[in-house]
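S.K.: Sharing a structure with you now.
The values are calculated or read from the model by the stated rules, or taken from the named source; none is laboratory data. Treat the numbers as computed from the prediction; the structure is a model and nothing was measured. Using ideal geometry, Cβ is built from the backbone for each residue, glycine included, and neighbour counts are taken over all protein chains shown.
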Amino acid sequence: MKGSSSSVPELKVLMSAVAAKIPAKWRQVGIQLNVPVEALDDIQRQVAGRPDSNIDAFELVLGKWKSLHPHEYTWSTIINALEAPPVGAMDVAAELRTIYFC
């Protein structure tokens, strides 16, 4: 499914293409997506003690990103976040570029 950099990703695709590959990076990704630190702290409290807390946190971060920044909820934005040095998920970003942009 090729798209454009401004196309809107589906949550289920983001969960399998990003969250499942780098679950422990949810906070760093959230910061790169301009999710407020206070919201990230709330998410951390919400998922504390859950068996899949990182995956659950990633889902909440992506939902918060979409609700706070709907115009930035694009493949381009998530790829840029993944490529940022604090995240450093260049392999995941490259895979998304290949799948969605050729």
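S.K.: Anything in the range 17-54 that is surrounded by fewer than 16 Cβ atoms within 10 Å (Cβ to Cβ), within 13 Å of the chain's Cα centre (by Cα) and among the hydrophobic types (A, V, I, L, M, F, W, C)? List them, or say none.
M.R.: Once the filter is applied, which keeps residues that are surrounded by fewer than 16 Cβ atoms within 10 Å (Cβ to Cβ), within 13 Å of the chain's Cα centre (by Cα) and among the hydrophobic types (A, V, I, L, M, F, W, C), the range 17-54 yields 20, 24.
S.K.: Can you tell me which of (1) outside any helix (DSSP H, G or I); (2) in contact with an Asp or Glu (Cβ under 9 Å, 6 or more places away or on another chain) is the one residue 93 doesn't meet?
M.R.: It fails just one condition, (1).
S.K.: Sticking with this one: Just the residues that are buried (at least 18 other Cβ atoms within 10 Å of the Cβ) and either under 12 Å from residue 22 (Cβ atoms) or out of contact with any Leu (no Cβ under 7 Å at 6 or more places or on another chain) (or both), please, taken from the range 78-102. Write out each step before concluding.
M.R.: Pass one, the range 78-102, residues buried (at least 18 other Cβ atoms within 10 Å of the Cβ): 78-79, 81-82, 87, 89, 92-93, 96, 100.
Once the filter is applied, which keeps residues that are buried (at least 18 other Cβ atoms within 10 Å of the Cβ) and either under 12 Å from residue 22 (Cβ atoms) or out of contact with any Leu (no Cβ under 7 Å at 6 or more places or on another chain) (or both), the range 78-102 yields 78, 81, 82, 87, 89, 92, 93, 96, 100.
S.K.: Taking residue 85, is it at pLDDT 95 or above and not in a helix (DSSP H, G or I)?
M.R.: Numbers: at pLDDT 95 or above: yes; not in a helix (DSSP H, G or I): yes.
Criteria met by residue 85.
S.K.: Quick test for you: out of 63, 49, pick the one residue that is of a type in the set (Gly, Ala, Ser) and in a loop (DSSP other than H, G, I, E, B).
M.R.: Working: 63 fails: in a loop (DSSP other than H, G, I, E, B).
Of 63, 49, the one residue that is of a type in the set (Gly, Ala, Ser) and in a loop (DSSP other than H, G, I, E, B) is 49.
S.K.: Given the condition part of a helix (DSSP H, G or I), over 14 Å from residue 96 (Cβ atoms) and modelled with pLDDT of 95 or more, answer yes or no: does some residue in the range 1-21 qualify? Can you show your working first?
M.R.: Restricting attention to the range 1-21, the residues satisfying the condition of being part of a helix (DSSP H, G or I) are 11-19.
The next check asks that each one be over 14 Å from residue 96 (Cβ atoms); those that pass are 11-12.
Narrowing further to those that are modelled with pLDDT of 95 or more: none.
No, there is no match, as no residue in the range 1-21 is part of a helix (DSSP H, G or I), over 14 Å from residue 96 (Cβ atoms) and modelled with pLDDT of 95 or more.
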